[in-house]
Every structure is written in structure tokens, then in C-alpha cells.
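The values are calculated or read from the model by the stated rules, or taken from the named source; none is laboratory data. All of these numbers come straight from a predicted model, not from anything done at the bench. With ideal geometry, Cβ positions are generated from the backbone for all residues, glycine too; neighbour counts draw on all protein chains shown.
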Amino acid sequence: MQVEEAFHPGTLTCDATDALADVARKMIAERVGALAVLDDDEIIGIISERDLVRAIAEQADPWQTTATAFASHQLETAAVGEDTRDVARRMLDAGVRHLPVKRGPEVVGVISMRDLLAIETWL
């Protein structure tokens, strides 16, 4: 199966300068575990629930600390035409649970480990 058949279209994002508290609120409101971090219109990273937990453990001020301070900047992406098993292996190797999905240079959504598990479970 290809990523195009399994990913969530539409990219949920936050701004690089958003406070961690606002990032957490957006994740709760959208019921997601990660957001793409944008600087202007360019994706510069991804921030996840794990990153927020790390911020708490490091006693970061959630109102003053920005998303970019705790986002993962070594960004892996998946292509819409990529095989889901290959993506799952890359995610496991990298220790990540979410990848932005690209069609050419454009980010068009996100795929999660949960999406990939659902494919394997229900097929």
C-alpha cells in the first residue's frame, strides 16, 4: 500500500514562535500528537507530545518557550507514492511516530505510526 492511501490530508501546523502552552492546546483541540512547525511558510521541524514532555522535564516556561526550542529539526518526510512498509521501517529506525507527507515539494499531510498499524491490522 502507498502512503497516499493511508495518510491524513491537511497539515496541522503551529508557528515557530508559538508558546508551548499554545502548541499543547492546539494538539488537544485537533486531537493530534504532533504539529508541523512553520517559519513563514517553510516547514522547519515537527513538535510532538514527546517534545512537550521533554520541555516539562527540563522545566521550560510553557508561556515563554517557543515551539522551535523543542521541535525536532532533523526532519524526515514521506512521499505520497512511497510504500507504507518502507515508511514504517524508517520511522522505527528514526524513533519517530509522525512524518509530514509531501507531494513533490509541498507538504500535504501527516502519517502516523497509528495509521501504519491500522493498515497492518485491518488488511
Residue hits (the stretch 91-111; part of a loop (DSSP other than H, G, I, E, B) and of a type in the set (K, R)) are R97
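Is it true that V96 is of a type in the set (V, I, T), within 16 Å of the chain's Cα centre (by Cα) and at pLDDT below 85?
Details: of a type in the set (V, I, T): yes; within 16 Å of the chain's Cα centre (by Cα): yes; at pLDDT below 85: no.
No; evaluated as a whole, the condition is false for this residue.
Considering only residues of the stretch 35-67 that are in contact with a strand residue (DSSP E or B) (Cβ under 6 Å, 6 or more places away or on another chain) and of a type outside the set (G, A, S), which is surrounded by the most Cβ atoms within 10 Å (Cβ to Cβ)?
Going residue by residue through the stretch 35-67, those that are in contact with a strand residue (DSSP E or B) (Cβ under 6 Å, 6 or more places away or on another chain) are 35-38, 43-48, 63, 67.
Narrowing the set further to residues that are of a type outside the set (G, A, S) leaves 35, 37-38, 43-44, 46-47, 63.
Working: L35: 26, V37: 27, L38: 20, I43: 18, I44: 15, I46: 26, I47: 29, W63: 9.
It comes out as I47.
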Within the stretch 1-22, residues closer than 21 Å to A118 by Cβ and out of contact with any Pro (no Cβ under 8 Å at 6 or more places or on another chain) come out as M1, Q2, V3, E4, E5, A6, F7, H8, P9, G10, L12
Taking the stretch 12-34 and keeping residues of a type in the set (V, I, T) and buried (at least 17 other Cβ atoms within 10 Å of the Cβ) leaves T13, V23
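Can we say L92 is of a type outside the set (D, E, K, R), without any contact (Cβ under 8 Å) to a residue 40 or more places away in the chain and touching a strand residue (DSSP E or B) at 6+ places or on another chain (Cβ under 6 Å)?
Working: of a type outside the set (D, E, K, R): yes; without any contact (Cβ under 8 Å) to a residue 40 or more places away in the chain: yes; touching a strand residue (DSSP E or B) at 6+ places or on another chain (Cβ under 6 Å): no.
The answer is no for L92.
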Residue count, the stretch 23-53, condition part of a helix (DSSP H, G or I), touching a residue at least 12 places away in the same chain (Cβ under 8 Å) and farther than 18 Å from D115 by Cβ, comes to 5
The one condition E76 fails out of (1) of a type in the set (D, E, K, R); (2) in a loop (DSSP other than H, G, I, E, B); (3) more than 24 Å from I119 (Cβ to Cβ) is (3)
Condition check: closer than 13 Å to A21 by Cα and either in contact (Cβ under 8 Å) with a residue 40 or more places away in the chain or under 12 Å from the mean Cα position of the chain (by Cα) (or both). Does E82 satisfy that?
no
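For the stretch 98-109, indicate whether the set of residues that are charged (D, E, K, R), over 27 Å from E5 (Cβ atoms) and exposed (fewer than 12 other Cβ atoms within 10 Å of the Cβ) is non-empty. It would help to see each step written out before you state the result.
Of the residues in the stretch 98-109, the ones charged (D, E, K, R) are 102-103, 106.
In the following step, the residues that additionally are over 27 Å from E5 (Cβ atoms) were identified as none.
Scanning the stretch 98-109, I find no residue that is charged (D, E, K, R), over 27 Å from E5 (Cβ atoms) and exposed (fewer than 12 other Cβ atoms within 10 Å of the Cβ), so the answer is no.
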